[in-house]
Amino acid sequence: MSKTIEKSGNRAFRKWGSILVFSGLIPLLFAFGPWPDTPTGPEPGDDISRKVDSVLALMTLEEKIGQMTLYTTDWGSTGPTIRPGYTDDIRSGRCGVLFNSHTAAFTRELQRVAMEESRLKIPLLFGFDVIHGYKTMFPIPLGEAASWDMKAIERSAEVAAAEAAAAGLQWTFAPMVDITRDPRWGRVMEGPGEDTYLAAQMARAFVKGFQGESFENADRVLACVKHFAAYGAPIGGRDYNTVDMSERMFREVYLPPYQAGVEAGAWTVMASFNEIDGVPATGNSWLLMDILRGEWNFPGFVVTDYTGINELVEHGIVANRKEAGELAVLAGVDMDMQSAAYQEYLKKSVEEGKVPEARIDEAVRRILRTKFMLGLFDDPYKYSDVAREQRVLLSAEHQEASRDVARKSIVLLRNEGVLPLAKSIKSLAVIGPLADDQANLIGAWSGAGEGRHCVSLLTGIRNKLGTGTDILYAKGCAIEGGDQSGFSEALDAAQKADAVILAIGEHKDMTGEATSQVQIRLRGQQEELARQLVATGKPVAVVLMNGRPLVIPWLAENSPALLECWWLGTQAGNAIADVLFGDYNPSGKLPITFPRHEGQIPIYYSHKNTGRPFNPESKWTTKYTDIPNSPQFPFGYGLSYTSFRYGKPQVDKTVFRKGQAVKVSVTVENTGHRAGEEVVQLYVRDLAGSVTRPVKELKGFQKIALKPGERREVQFTLTENDLAFYTRNMQWAAEPGTFDLMVGGSSDDVQAVRVTMIE
Ligand code: NOJ
């Protein structure tokens, strides 16, 4: 595909293009409409390539490298600011792309510099980390993953894109689809969790939501699949640490979500900081050329992560930044984020014959093509419209979308008959360091989100209950520290109330980049406060707000009710109140395992059986002697206010030929008294393969809504591909043999049916 893109235009056209550019007519023509037909006319379907080539033909080597150079702008106290040197770089054509510049007014001004003060007047491209919302914040991605609702996730990305685009941006550095099985890693909040299949679905939903159908839509942005690859598997869960795993594991578990994003059309990919088998991703041609371009036909451009090229020196794979630039560009990195290595050294590398200019041209073509596709040459200011920005940001429609996905992301972990609470409750104590908090609700990677726009839990409860309930608020303690002086007020409020809501968890900056921890427990006095409140005998519902799975054995076994609420975004308080008072029946399921103890990490449902699977009767089997193997809460787990009964799964054939599909069906019945949604999950186990296989792998899920007493047959179709894996000789293939197909409402609660595949 890249070949098609780089097909050069005919000579007459290029000449005509040069004349237009040199006479300064390009901006004029672009401002009034598409590039004109040449006397010979463009070949159908090759329009952009011709335009790209006509521009490329006019560029100096320095200007070309400028298009490959991405710089940040800064966050001033009153908005984004730019370093003077960077403005000069835009003028001189030495920087063609910016990130962190946002707001329609600011991007318009920078665009003006490019369009009015630079020689070639090539429009700038603006990127930003719009991870889970721009101004209207949505749940952190790990929270969204818990919704298992791809339509809702797509909608959240669509809203985020609409707001970002209205603020002058054309590119988001998302989705982050790094699988992680290590909650010590702080960036777990930003990703899809531990499962490959769920993550791949999310990658597609995010890319569709961000990019929409056409790049010309000024209310969508380019997606960037990151961090390519396996950034979520640093040794010890320590951010930026070495990644080292078998190629089989890499391809089976870690790569598919990135591939899904690319197949869904993500136009950009970000190389990760980490190394893979000794070669940092930023300089890894196996990854960026062989896999990404060769195997997946990726047509867009590759950007580094922040200063990724310079870090090649620290990795110890090159001696200096010049060599780092050479390694990166030859490995397939098209754009340098913030290293300035391309800007400073690439020209010299080309002059010395170390880097062919054709490689520079290839990268620049991809970047110029992007700008053409977005329509920036036609109207460089089309995203920077202040009136539109005011209309779009934080609109009522966006708040509705945020509330919808927020409540779908909540997971009910435990409920001893406490929830839902009656709205007629006379008095309610709302306690905890996060009960009246807005600032944390936006979570890490919060774009341009602001805590002041968030609905706190206390406000959400007040909105829900009006004046009929006596609401007693007490903070109780801080998130961290040893101070218990607020306990007596909190206990007093609890004694006076009919029920207690306790909001505890993490500070938003305890997760995100560079926030790995070895202890992932509640800090400070929060658990002690919970213990004392539960000891009052009042019905206590604990609302957890956090960005990672926490180790919470006491709460898991003793809290009367426990809700995992992540960081839910702008509408958090309203969404949690919807669940607390039964206006929404919780339907979230965990996208990642919650360990009992940090010592179990990495812990994940899709493990291997080993030669000595755990047997409580035998000492000599795989286990710890001081703690069970099982997690506190398994992947796929989540309760509802109603109950679901699963029938035995049925298959349309128990023996089938390779290549044939198998239909699995199961009847699910709502046996409770409330309408509810259930995530019906399908897992597969290959009992004997040419290499060992996991005890379970998710291969399908459906979220269904059932009224009380309603029963529904849910069907899945498993294809040969769903049973395939990297065989002994690294072929992706399904092997004849016996499989267990398992269906249920959690990874640890399934029923199996056995089938056999024959040649
Ligand atoms: C570093 C992060 O790893 C990456 O995810 C992000 O997009 C860039 N910084 C830019 O902010």
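The values are calculated or read from the model by the stated rules, or taken from the named source; none is laboratory data. None of these values were measured; they are calculated from a predicted model. Ideal geometry is used to build each Cβ from the backbone, glycine not excepted, and the neighbour counts take in all protein chains shown. The area values use the complete protein model at the heavy-atom level, side chains included, leaving out ligands, DNA and RNA. Shrake-Rupley method; radii C 1.70, N 1.55, O 1.52, S 1.80 Å.
Miscellaneous remarks
- Placed amide H near Val430: partners under 5 Å, 5+ positions off or other chain: Leu472, Tyr473, Ala474, Ile501
- At most 16 other Cβ within 10 Å, DSSP loop - trypsin sites (Lys or Arg not before Pro), region 241-350: none
- Taking every alpha-carbon pair under 8 Å whose residues sit at least 6 apart, region 466-561 reaches a relative contact order of 32 percent.
- The slack in the chain from Arg612 to Asn241, taken as 0.36 nm per residue of separation less the alpha-carbon distance, amounts to 130.5 nm.
- Averaged over residues, the count of other Cβ atoms within 10 Å places the peptides 723-729, 432-438 in the sequence 432-438, 723-729, highest first.
- If the segment from Gln390 to Thr727 were pulled out straight at 0.36 nm per residue, it would be longer than the present Cα-Cα gap by 115.8 nm.
- Nitroxide proxy distance, nm - points 7 Å out along Cα→Cβ at Glu557 and Gln660: 4.9
- Shown in residue order for region 235-248 are the 3J(HN,Hα) couplings computed by the Karplus curve 6.51 cos²θ - 1.76 cosθ + 1.60 at θ = phi - 60°: 4, x, x, 8, 4, 6, 6, 4, 10, 8, 7, 5, 4, 4 Hz (x for Gly and Pro).
- The H on the amide N of His227, modeled in the peptide plane, is under 5 Å from the matching H of Val177, Asp178, each at least 5 residues off or on a different chain.
- Counting only DSSP beta bridges with both residues in the chain, the antiparallel share comes to about 55 percent.
- Rounded to whole numbers, the Karplus 3J(HN,Hα) couplings from phi for region 118-132 are 9, 5, 8, 6, 8, x, 7, 10, 10, x, 6, 7, 9, 8, 9 Hz, using 6.51 cos²θ - 1.76 cosθ + 1.60 with θ = phi - 60°, and x at Gly and Pro.
- Computed over the chain: relative contact order in percent, which uses C-alpha pairs under 8 Å that are six or more apart: 13
- Protection proxy ranking, peptides 584-592, 220-228, 649-657, 306-314, average beta carbon neighbours within 10 Å, highest first: 220-228, 584-592, 306-314, 649-657
- Förster radius 30 Å - calculated FRET efficiency between Asp47 and Ser92 (Cβ-Cβ, nearest 0.05): 0.55
- At full extension, Ala319 and Thr692 could sit 130.2 nm farther apart than now, given 0.36 nm per residue minus the alpha carbon distance.
- With contacts taken as Cα pairs under 8 Å at a separation of at least 6 residues, region 406-592 carries a relative contact order of 37 percent.
- Region 382-403-region 634-681 distance, computed between alpha-carbon centres (Å): 39
- In a simple Cβ point-charge model (Lys, Arg +1; Asp, Glu -1; nothing else charged), the chain has a dipole of about 1140 debye relative to its Cα centre.
- Protein accessible area in the chain, 1.4 Å probe - carbon and sulfur %: 49
- Applying 1/(1 + (r/R0)^6) with R0 = 35 Å to the Cβ-Cβ distance of Thr625 and Trp286 gives a FRET efficiency near 0.25.
- When the chain is described by a simple charge dipole with +1 on each Lys and Arg Cβ and -1 on each Asp and Glu Cβ, the residue from Gly481, Phe372, Ala266 located farthest towards its positive end is Ala266.
- Cross-link pairs Lys408/Lys608; Lys348/Lys371; Lys648/Lys699; Lys51/Lys121; Lys226/Lys347 - those with Cα-Cα distance over 22 Å: Lys408/Lys608; Lys348/Lys371; Lys226/Lys347
- For the listed peptides 328-339, 234-245, a ranking on the average number of other beta carbons within 10 Å per residue, highest first, reads 328-339, 234-245.
- Taking Cβ atoms as reference points and 12 Å as the exclusive limit, the residues near Asp470 contribute a net charge of +2, counting Lys and Arg as +1 and Asp and Glu as -1.
- Karplus-based coupling profile of region 540-552, in residue order and whole Hz: 10, 9, 8, 9, 8, 10, 6, x, 8, x, 10, 8, 9, with θ = phi - 60° in 6.51 cos²θ - 1.76 cosθ + 1.60 and x standing for Gly or Pro.
- Direction-averaged projected area, Cα convex hull, region 301-358: 3.6 nm², rounded to one decimal.
- Note that the chain presents 36 Å² accessible area per residue, ligands and nucleic acids not counted, probe 1.4 Å.
- Spatial separation of Cα centroids for region 453-500 and region 232-279, in angstrom: 43
- Applying 1/(1 + (r/R0)^6) with R0 = 25 Å to the Cβ-Cβ distance of His673 and Gln650 gives a FRET efficiency near 0.35.
- Put a dot 7 Å past the Cα of Asp748, heading toward its Cβ, do the same for Glu480, and the two dots end up 3.1 nm apart.
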